[in-house]
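Contents: one structure, followed by commentary.
Just so you know, all these numbers are worked out from the coordinates, no wet-lab data involved. Predicted, not measured: the structure shown is a model, and the values here were computed from it. Backbone-built Cβ (ideal geometry, glycine too); neighbour counts: all protein chains shown.
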Ligand code: SF4
């Protein structure tokens, strides 16, 4: 059977019932493919982490939450019930799946030592110990009780804090309390969730 390029493209683009390629009716196959992608997934509602619009998303994950099952994110879409975006996502938000399923995603704390040209993985316990030690050392070295005119200020000018855009208001509340108690006044965050 001879088939022209034009006829082949027309044949493969026609959707719906009765689609036939080389004599095979592929309609059931296409219908099956359309339903399979999220038919067995768990839905998790979340917030796009990219900008302050804070669109709602639904993350579809394969895996039945059994202990030995490794969950796999297979699709991310806008949440139609979310009052901010009502199901829509901009191109950046629509690419969220690639942010989650990405071999370059960082899963461990990393540190770049003075003079080093690379970042090294370190365990969480070590990271927390080192952060605590450096916060204490820096605060002790830079805490200012009085300013140049003798006024009491009690501030730590050697530490700054910046938060992520998916931090909740509750988390940010605790951050502000903790940082203010250290005397930190350079605080930035994106309180929106
Ligand atoms: S989907 Fe786009 S507009 Fe919405 S929060 Fe994400 S980056 Fe911002």
Rounded to one decimal in nm, the spacing of the 7 Å Cα→Cβ label points at residue 92 and residue 45 is 2.4 nm
The orientation-averaged projected area of the Cα convex hull of the range 59-120, in nm², is 7.1 nm²
extent check for the range 110-188: Cα max minus min per principal axis, descending, whole Å, gives 44, 34, 20
Label model pair residue 62, residue 170: point-to-point distance (7 angstrom along the Cα→beta-carbon line) in nm is 3.3 nm
Sorted on mean Cβ neighbours within 10 Å (highest first), peptides 168-179, 141-152 come out as 168-179, 141-152
Placing each pseudo-label 7 Å from Cα in the direction of the beta carbon, residue 162 and residue 52 end up separated by a distance in nanometres of 1.4 nm
Rounded to 0.05, the calculated FRET efficiency for the beta carbons of residue 145 and residue 111 at R₀ = 30 Å is 0.45
1/(1 + (r/R0)^6) with r = Cβ-Cβ of residue 185 and residue 99, R0 = 30 Å, i.e. FRET efficiency to nearest 0.05, evaluates to 0.40
On the formula 1/(1 + (r/R0)^6), with r taken between the Cβ atoms of residue 177 and residue 38 and R0 of 41 Å, the FRET efficiency rounded to 0.05 is 0.50
